[in-house]
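See structure below.
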Amino acid sequence: MSIAPPASVRRIAYLGSPDLAVRPLRSLVDAGYEIPLVVSMPDRRRGRGNELMPTAVKVAAVDLGLRVTSDLTDLADLVENHSVDLAVVVAYGRIIPASLLQKLAFVNLHFSLLPRWRGAAPVERALLAGDERTGVCLMDLDVELDTGAVYRRTETEIEPDETLEELRDRLVEIGSAQLLGALEEGFGEPTPQEGDPVYAHKISVDERKIDWGQPASAIHRQVRVGGAFTTWQGKRFKIHRTRLTAGDGVLVVPTGSGDLELLEVQPEGKSRMAGGAWANGARWRREHRFGS
């Protein structure tokens, strides 16, 4: 059984890794909470130079003058020394061992309406599935993935043209406020999750490849998630922004159901550009087909 958060919290260990986990950390610091330790994933080799790069949370922690580590043993030491009251987890990237969960209260910000979209890519899956609503759950942390009871739950509509980045930014803002509210007002008793779980596996490369036989609405969702691509004259052709249309526009492509206007594109080896500018330069006509 997990440990309930204490009634009064002053010292918070923070566990997170990607960009979306930076704002909650800064919110805690701005609110005056003591952060004795930040735990983030180890530096990884990225980019063309294959250089070791820190996580976004590690960069923020260093900027804030906080102690940061990738070793959970450092957190265990704080627990043994009674130097931390609570651990907050936001997209950390690893399962927390049961041995730690039995010694310290953990809470987790998860960006979905649990039990729908447990797992690694909840915001992406909500967009790709065409969900009309999503939200944020502040939950108890359990050994099993995203199964803990929920302290606070906030719902929000997904706007028809909202991109992954835009939606994620809104959810992070909601989650940060949700976390601070619970710390100030008390967590209360959590509510067990109800309903059939749905898992949010990472989006594969194949899922980003556009099938023009799909409805325009489905392709539009692919593009909003990011990384969508097709081919043009045998070369990869990325599509960054689209709009559902009744046929108006310079670069309008027929699909399996409805038309889609390509607003921002990126031919292989070139920078992003307006779809109309590319179409004019490529002498594109409506009877031309992508994906061949």
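In order along the stretch 148-160, the Karplus-derived 3J(HN,Hα) couplings, from 6.51 cos²θ - 1.76 cosθ + 1.60 at θ = phi - 60°, round to x, 5, 9, 7, 9, 9, 10, 9, 8, 6, 9, 5, x Hz, and Gly and Pro are given as x. For the pair T154 and N280 in one chain, pulling the backbone fully straight at 0.36 nm per residue adds 40.8 nm over the alpha carbon distance. Taking 0.36 nm per residue of separation and subtracting the Cα-Cα distance, full extension of the segment from E162 to E207 would add 14.3 nm. Here the Gaussian network model covers the chain, with springs between Cα atoms less than 10 Å apart; of V252, V62, V150, V62 fluctuates the most. Could you list the residues of the stretch 190-223 with an amide nitrogen less than 12 Å from a label point located 7 Å from the Cα of R23 in the Cα-to-C-beta direction? So the set is empty, nothing qualifies.
The gain in end-to-end length when the R94 to S271 segment is fully stretched comes to 60.2 nm, 0.36 nm per residue minus the alpha carbon separation. For the chain, DSSP calls about 65 percent of its internal beta bridges antiparallel. Normalised by the number of residues in the chain, the average gap of Cα pairs under 8 Å and 6 or more apart makes the relative contact order 14 percent. Its relative contact order, with pairs defined as Cα atoms under 8 Å and 6+ residues apart, puts the stretch 205-282 at 26 percent. Cβ under 14 Å from Y199's Cβ, Y199 left aside: what net charge do those residues give with Lys, Arg +1 and Asp, Glu -1? Neighbourhood net charge equals 0. Computed from Cα positions, the angle between helix 164-185 and the longest principal axis of the chain comes to roughly 20 degrees. Ranked by how many other Cβ atoms sit within 10 Å of their own Cβ, fewest first, the residues L141, L20 fall in the order L20, L141.
Near S2, once Lys and Arg are set to +1 and Asp and Glu to -1 for all other residues with Cβ below 14 Å from its Cβ, the sum equals -4.
Counted by neighbouring Cβ atoms within 10 Å, the residues Y151, Y199 run from fewest to most as Y199, Y151.
How many Lys pairs in the chain lie less than 18 angstrom apart by Cα atoms, where the lysines are 8 or more positions apart or on different chains?
Going through the chain pair by pair, I get 4.
Using the alpha-carbon centroid of each, what span in Å lies between the stretch 1-38 and the stretch 142-182? Answer, in whole Å: 16. The residues neighbouring E159, those whose beta-carbon lies less than 15 Å from its own, together hold a net charge of -3 under the Lys/Arg +1, Asp/Glu -1 convention.
Rule-based calculations on the coordinates, nothing more; no lab input. Predicted, not measured: the structure shown is a model, and the values here were computed from it. So basically every Cβ, Gly included, is an ideal-geometry build from the backbone, and we count neighbours across all protein chains shown.
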